[in-house]
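Bear in mind these aren't lab numbers, they're just calculated from the coordinates by the rules spelled out. Predicted model, so just to flag it, every value in this text is computed and none were measured. Please note: Cβ atoms are built from the backbone with ideal geometry, for glycine as well, and neighbour counts cover all protein chains shown.
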Amino acid sequence: MSIDTRPTAAVPAPRVPAAAPGDARARRRRERRFLHRDKWWGYALIAPAGLGLAVFYLWPVVETLYYSFNDWGAFGGTTWTGLSNYRTLVTDPEFWHSLGNTAIYTVLVLLGIPLSMLLAVLLNLKGMRGTGVYRTLYFLPVVTMPAAVAVVWRWLYNGDVGIINQALSVVGVHGTYWVSDPATVHFAVAVVGVWMTVGYNMILLLAGLQSIPQDYYEAASLDGAGRVRQFFSVTLPLLSPTVFFTTVLSVIQSLQVFDLVYLILGANTGAGITNPAYTDGETVVMLFFQKAFYDNQRGYGAAIVCALFVLILALTAVQFRLQKRWVHYG
Amino acid sequence: MAETTRRGSREGRRWPAHLLLTVGAVVTVFPLLWEVLTSLKSFGESTRVPPTILPRHWDWSNYATVFSSIPFAHEFVNTLLMTLLRTAAQLLLCSMAAYAFARIRFPGRGPIFLAFLAVLMVPGELFLLPQYQIMQDLGWLNSLQALVVPGMFSAFGTFLLRQFFMGLPVELEEAARLDGANPFTVYWRVALPLARPGLLALGILTFLWSWNDLMWPLVVNTDPAQMPLSAGLASLQGSHLTDYPVLMAGSLLATLPVIVVFVAMQRHFIQGIAFSGMKG
């Protein structure tokens, strides 16, 4: 049961024998990709998905941008206020606090990637047995409903009867209320974040490892490279595009974290927020959610997510810029 | 014989790897196992210091209490309908559009495809406010439509399947084309059956995402009877119910279907993740 990473889709295999290249033939090949020329069929097949995406996704982006320059009246009317929401944003300590929390979460979750890499390398060892079982077990947290994840971790972290503190007390350490102590909340939440993403990143990295041709190792071993040397001069460079991709994806997803933190911090109480460490754990998307749907400050909420979008784009661009320094495309 | 001995010794040398992987797996599975065990303890036993590992008295009543605490059956049906309808719609609509992008030449194809890709890049929260507004304007708040309709369309799914169609050999479709079949027939009869692995991967991923989707249901359906389980459990945890064994019983019941689907179809599932991850 190996992962199929043949480039079936992204890189279409040449369908015509590559022999005798010529302009006419190349053109014919290009033409052949399009089986049909009937434009009305094209429009008809695209219309349902295209219209749905336009109405529910594409236009809403424009609208959200527009909202962010407006104030939202109590009865739904909007008034243009220019950059006012953004001015509020840069002076709002809660926004900066949530941004800081989100950044800490993102960095801590990134620390899980070496762990995923270790697991993937172990699973990829020649002659390993039982890899299917390990893969299933490590992947279970990825598919578990966030509500089910949050409830058990809150219980594990419980200050009085949680098993973590009970275990610590055996060795004489007096544990805290992990998720309601401002000193530990970042760490406590990030541990769950890592727990939930290790299996996912492991699968991505394993697919990358399996696509490294075996010949490279054989060549390296003929040149007298040992195991460790092989890892650093064959595996790591050839895996670097996958590591890069996993990192980019992880950053994008962590910056938008909501479900997990929202549920672990117990933000969903009807009686208001009772967790004393709430603002020390609150993420940007949680703040957006609060402002847009509870405090009825939709313009401000829109400004928050627009700012987040710009931040994500910028960080992704920086990562792409920096990849030249460490990513090898063979 | 020599071969088996060599393999045997190699397997023998793998024990440090197995040790590490097993320790990791135990740490990974422990919280879920603890959830199962806690859900079978009475509230009193669950708070005992020092804790009991196995329940002294296997208390199944927590599972019954779930049904009286939230409209579980209702929410289960909501979740099932939301998930199945979204998945079915995405498979149909995405594959239609994907086929057109992959195989039909028409004016505007490039720019339209770029528009699809643009949606793929945007974080989901940017859609939320206007989508909510649309639901409100249509009078769809607290309805099944609200849970289903925006989730029927997917740029990701279209992109995934387009890549898949482009990787398929075109000869069979050409033959059908020469027999006079129209593009829809070629798509439906020839290309779609060939794209089964891609459809399966998209279907499973959509199933999982929909089943666990939380933010959108929290926004549109605030009536407990109209919520899916994800939101129902979130509000149950938020209410003053601090009976953790009951909360865990409910959570496990809610998450069980996804785990079953995952374990049963994990090869396709993991392929889908690796595929979409690598190429997305």
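Can you find even one residue in region B:209-228 that is surrounded by 21 or more Cβ atoms within 10 Å (Cβ to Cβ), of a type in the set (Gly, Ala, Ser) and in contact with a Pro (Cβ under 8 Å, 6 or more places away or on another chain)?
No, because not a single residue in region B:209-228 is surrounded by 21 or more Cβ atoms within 10 Å (Cβ to Cβ), of a type in the set (Gly, Ala, Ser) and in contact with a Pro (Cβ under 8 Å, 6 or more places away or on another chain).
Here is a yes/no grid of residues against (1) at the interface with chain A (Cβ under 10 Å from one of its Cβ atoms); (2) under 23 Å from residue A:146 (Cα atoms); (3) surrounded by 18 or more Cβ atoms within 10 Å (Cβ to Cβ):
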{"site": "B:110", "(1), (2), (3)": "no, no, no"}
{"site": "B:118", "(1), (2), (3)": "yes, no, no"}
{"site": "B:152", "(1), (2), (3)": "yes, yes, yes"}
{"site": "B:163", "(1), (2), (3)": "yes, no, yes"}
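When region B:82-101 is examined, which residues are found to be more than 8 Å from chain A (Cβ to nearest Cβ) and touching a helix residue (DSSP H, G or I) at 6+ places or on another chain (Cβ under 6 Å)?
B:82, B:83, B:85, B:86, B:87, B:89, B:90, B:91, B:95, B:98
Name the one entry in A:287, A:308, A:315, A:322 that is more than 19 Å from residue A:69 (Cα to Cα) and either surrounded by 15 or more Cβ atoms within 10 Å (Cβ to Cβ) or in contact (Cβ under 8 Å) with a residue 24 or more places away in the chain (or both). Talk me through it step by step, then tell me what you get.
Details: A:287 fails: more than 19 Å from residue A:69 (Cα to Cα); A:308 fails: more than 19 Å from residue A:69 (Cα to Cα); A:322 fails: either surrounded by 15 or more Cβ atoms within 10 Å (Cβ to Cβ) or in contact (Cβ under 8 Å) with a residue 24 or more places away in the chain (or both).
Unique residue meeting the criteria: A:315.
Mind checking whether some residue in region A:311-329 is in contact with a helix residue (DSSP H, G or I) (Cβ under 6 Å, 6 or more places away or on another chain), in a helix (DSSP H, G or I) and more than 30 Å from residue B:118 (Cα to Cα)?
No, there is no match, as no residue in region A:311-329 is in contact with a helix residue (DSSP H, G or I) (Cβ under 6 Å, 6 or more places away or on another chain), in a helix (DSSP H, G or I) and more than 30 Å from residue B:118 (Cα to Cα).
If you take the residues in region B:56-75 that are assigned to a loop (DSSP other than H, G, I, E, B) and more than 14 Å from every other protein chain (Cβ to nearest Cβ), which one is nearest to residue B:222 (Cα to Cα)?
The extreme case among them is B:71.
Looking only at region B:170-184, decide whether some residue is farther than 27 Å from residue B:147 by Cα, more than 7 Å from every other protein chain (Cβ to nearest Cβ), crowded, with 16+ Cβ neighbours inside 10 Å and not polar (S, T, N, Q).
Yes: one or more hits.
Please count how many residues of region B:11-38 are over 24 Å from the mean Cα position of the chain (by Cα) and surrounded by 13 or more Cβ atoms within 10 Å (Cβ to Cβ).
10
Enumerate the pairs (first residue in region B:18-32 and at the interface with another protein chain (Cβ under 9 Å from one of its Cβ atoms) and closer than 21 Å to residue A:164 by Cα; second residue anywhere and among the polar types (S, T, N, Q) and surrounded by 15 or more Cβ atoms within 10 Å (Cβ to Cβ)) with beta-carbon separation below 8 Å, excluding pairs fewer than 6 apart on the same chain, so at least 6 apart or on different chains.
B:32/A:144
Across region B:88-119, what is the number of residues that are among the aliphatic types (A, V, I, L, M), under 15 Å from residue B:202 (Cβ atoms) and touching a residue at least 60 places away in the same chain (Cβ under 8 Å)? Working first, answer last.
Of the residues in region B:88-119, the ones among the aliphatic types (A, V, I, L, M) are B:88-89, B:91-93, B:96-98, B:100, B:102, B:104, B:112, B:114-115, B:117-119.
Narrowing the set further to residues that are under 15 Å from residue B:202 (Cβ atoms) leaves B:88-89, B:91-93, B:96-98, B:102.
Add one more test, that the residue is touching a residue at least 60 places away in the same chain (Cβ under 8 Å), and what stays is B:89, B:91, B:93, B:96-98, B:102.
Qualifying residue count for the region: 7.
Return only the number of the condition from (1) buried (at least 17 other Cβ atoms within 10 Å of the Cβ); (2) without any contact (Cβ under 8 Å) to a residue 40 or more places away in the chain that residue A:198 does not satisfy.
(2)
Restricting to region A:162-193, what's the tally of residues that are surrounded by 18 or more Cβ atoms within 10 Å (Cβ to Cβ), in contact with a Pro (Cβ under 9 Å, 6 or more places away or on another chain) and of a type in the set (S, T, N, Q)?
Residues in region A:162-193 being surrounded by 18 or more Cβ atoms within 10 Å (Cβ to Cβ), in contact with a Pro (Cβ under 9 Å, 6 or more places away or on another chain) and of a type in the set (S, T, N, Q): 1 in total.
Looking at residue A:208 and the list (1) more than 13 Å from chain B (Cβ to nearest Cβ); (2) in contact with a Ser or Thr (Cβ under 7 Å, 6 or more places away or on another chain); (3) under 24 Å from residue B:267 (Cβ atoms), which single condition is not satisfied?
Going through the list (1) more than 13 Å from chain B (Cβ to nearest Cβ); (2) in contact with a Ser or Thr (Cβ under 7 Å, 6 or more places away or on another chain); (3) under 24 Å from residue B:267 (Cβ atoms), residue A:208 breaks only (1).
Inside region A:153-164, can you point out the residues that are under 18 Å from residue A:190 (Cα atoms) and part of a helix (DSSP H, G or I)?
A:153, A:154, A:155, A:156, A:164
Applying the selection to region A:220-258, what residues are over 30 Å from residue A:289 (Cβ atoms) and in a loop (DSSP other than H, G, I, E, B)?
A:223, A:224, A:225, A:226
Output the residue which, of all residues in region A:139-161 that are more than 7 Å from chain B (Cβ to nearest Cβ) and over 30 Å from residue B:274 (Cα atoms), is surrounded by the fewest Cβ atoms within 10 Å (Cβ to Cβ).
A:160
When residues of region A:88-112 are filtered for being under 30 Å from residue A:199 (Cβ atoms) and surrounded by 13 or more Cβ atoms within 10 Å (Cβ to Cβ), how many remain?
Selection size over region A:88-112: 14.
Would you kindly identify the helices (runs of 4 or more DSSP H) lying entirely within region B:179-280 that contain at least 2 residues that are of a type in the set (S, T, N, Q)?
B:196-212, B:229-238, B:244-264, B:266-279
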